[in-house]
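Note sheet for the following structure.
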Protein chains: 2
Amino acid sequence: MDDGMITPVPKNKDSEMSQKNICLTVAYDGTDFCGFQSQRGTGLPTVQETLEDALEKLTGAPVQIFGSGRTDSGVHAWGQVINFYTVSTIPPQRYPMALLPYLPDSITIREGKAVPLSFHARFGAKNKTYRYQYYCARQMSPFYRRYACHVPYKLDVEAMNQAAAYLKGSHDFRGFCAAATPVENFVREIYECSVTADHPEEPCLLTLQVQGNGFLWNMVRIIAGTLLEVGAGKRRPRDMPALIGLGDRRQTGKTLGPQGLFLYEVNYLDE
Amino acid sequence: MDDGMITPVPKNKDSEMSQKNICLTVAYDGTDFCGFQSQRGTGLPTVQETLEDALEKLTGAPVQIFGSGRTDSGVHAWGQVINFYTVSTIPPQRYPMALLPYLPDSITIREGKAVPLSFHARFGAKNKTYRYQYYCARQMSPFYRRYACHVPYKLDVEAMNQAAAYLKGSHDFRGFCAAATPVENFVREIYECSVTADHPEEPCLLTLQVQGNGFLWNMVRIIAGTLLEVGAGKRRPRDMPALIGLGDRRQTGKTLGPQGLFLYEVNYLDE
């Protein structure tokens, strides 16, 4: 405001000398956010802006954060990883408590630590794990409406796992991403893809876990939709290799709703 | 409106002849309700009014429901039981689906059935089961903020179970109810009282389950608060008999928050 009146502290020089790179592990309930990525000026609430605003209030200076990746509107995170540069002297492990007064209870900082200046939450990610939850019962539970896809019938968990196994390894996943995905290379490597049930005899909550070196847009939600059709007996597990080979978005399953999806964990090269 | 103009259908006689007593099992997320019991005229949202309004829209006639008991503001239910009289010809088992368009997604009808005209959800209840959830971690999970009490340290589950065992049986529970509870007989029988953990080695979500023939106001939340102090090492399990004997609300634990409490099940004499 009074730029011309006050000689500013030479922040840049100081910053370079004492600048730290802080890495936070963040959990959030995505229900009430329009995704992770900042949409400043639109008035739409995003996780990134909420975190940046909280960090600015805490540290007294504007902060730009880098996330491991975007999550879409309504998608949750248990282990989203972000980093940011700051000259603040707040001990890194104190961020979870220190940010508490500035954040809504839909966002929790699970861990804070200092990382090398070269660390970048997005470009340094080695692999990511997503989870997708199905709630299988005639009527949806009010306690899972925000956190699972409602499936009003039983699913064949064994068949889903047989189909899921075919997705492991390096494949061209162009049939398993949103039609307009603007990338040239659709090859991703999937390390783990399996479905577990909460109760062996009478499964109600099913959890699909997928770990891979990268994911295309909507890839987990389309995998979840395709496996849902296998579990419902509409597709056979043994048809999966041909389906992957086709590379045709029109042949794979529906994109299931965002509420069942969680960015569960991000691992880095130096860990 | 036009009472004088239209000869009303002699509903009473018809009703008596074709009246049915319908019993519904209802789950609700209590977060956004000011309790179960109707507070008509106040504008405060209650579960009872929401159900009555939905039933009126569905059946075309005003409906009064009877619940197995009230739940306080913010308290949830997995197995609340209600009954109501209607002349509607909707098959009882169809109510869960038929009410869907008229209810918010925070309320789910899990089951519908016809019961004898003498059935009353409150007076016929043989026993009730409540659950109370503790979420034990430094930082609260955004996914449990509505459904568990946050405990930012570890609890000794074995000690809690030792203490819980002393609550079983018939006792005068005047020390375990809200100070102003307007009853004369404070004796209740507890059939089950135990705490289970989600993971044996590293428990995070603890669930207290209490079944009894009746409960005083805030009784489960005060039991939960007392057992919390046992789990934290502030009370010894062997002090429980004396604590019960004292009958002094000032000596028992805090009333924990409503968000961790669930009316889990209600059983009836004829089942």
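Read the figures in this text as sums done on the coordinates, not as results from a lab. What you see is a predicted model; the values in this text were computed from it and never measured. Here the Cβ positions follow ideal geometry from the backbone for every residue, glycine too, while neighbour counts run over all protein chains shown.
Points worth noting:
- For the stretch A:78-184, applying the loop criterion from DSSP together with a ceiling of 16 other beta carbons within 10 Å to the GluC sites (Glu not before Pro) yields A:Glu184.
- Sites excluded, chymotrypsin sites (Phe, Trp or Tyr not before Pro) in DSSP loops with at most 15 other C-beta within 10 Å, longest stretch of chain A: A:1-122
- Amide H contacts under 5 Å for B:Cys204, placed H, 5+ residues apart: B:Asp198, B:His199
- Out-of-range pairs (alpha-carbon distance over 26 Å; input A:Lys154/B:Lys168; A:Lys154/B:Lys113; A:Lys154/B:Lys128; A:Lys254/B:Lys57): A:Lys154/B:Lys168; A:Lys154/B:Lys128; A:Lys254/B:Lys57
- A simple spin-label model places pseudo-atoms 7 Å from Cα toward Cβ; at B:Gln162 and B:Ser73 they are separated by 3.9 nm.
- For chain A, a/c is not less than 1.5, where a ≥ b ≥ c are the root eigenvalues of the C-alpha gyration tensor, and a/b tops b/c. That puts it in the prolate class.
- Farthest positive-ward along the protein assembly as shown dipole, Cα basis, beta-carbon charges - from A:Leu261, B:Gln19, A:Pro45: A:Leu261
- Estimated FRET transfer efficiency when R0 is 25 angstrom, pair A:Asn185-A:Arg122 (beta carbons, to 0.05): 0.90
- For chain B, the residue among B:Pro152, B:Ala232, B:Tyr132 whose Cα projects farthest onto the positive side of the dipole built from Cβ charges is B:Ala232.
- Using the rule -39500 (n - 2.57) for each DSSP H run of four or more residues, divided by the residues of the protein assembly as shown, the 222 nm mean residue ellipticity is -6000 deg cm²/dmol.
- Shortest first, A:Arg238 label-point distances to identical copies amount to 6.7 nm, with the label point at 7 Å from Cα along Cα→Cβ.
- Residue with peak Gaussian network fluctuation, chain B [Cα springs, cutoff 10 Å], from B:Asn127, B:Asn185, B:Asn21: B:Asn185
- Inter-label distance for A:Asp172 and B:His199, nm, one decimal - labels placed 7 Å from Cα along Cα-to-Cβ: 4.1
- A:Lys154 paired with B:Asp53, simple spin-label distance in nm, labels 7 Å along Cα-to-beta-carbon: 3.9
- Nearest-0.05 FRET efficiency for B:Asn213 and B:Gln19, computed from C-beta distance (R0 35 Å): 0.70
- Between helix B:219-231 and chain B there is an angle of about 20 degrees, using the helix long axis and the longest principal axis of the Cα atoms.
- Counting DSSP beta bridges with both ends in the stretch A:116-271, the antiparallel % (nearest 5): 90
- With the label put 7 angstrom out from Cα along the Cα-to-Cβ vector, B:Pro62 ends up 6.1 nm from the copy partners, going from closest to farthest.
- FRET efficiency estimate (nearest 0.05) - Cβ-Cβ, B:Arg94 to A:Leu100, R0 35 angstrom: 0.15
- Cleavage-rule hits, trypsin sites (Lys or Arg not before Pro), the stretch A:182-258, DSSP coil, Cβ neighbours within 10 Å at most 14: A:Lys234, A:Arg250, A:Lys254
- B:Gln19 label point (Cα plus 7 Å toward Cβ) to equivalent points in the other copies: 7.8 nm, shortest first.
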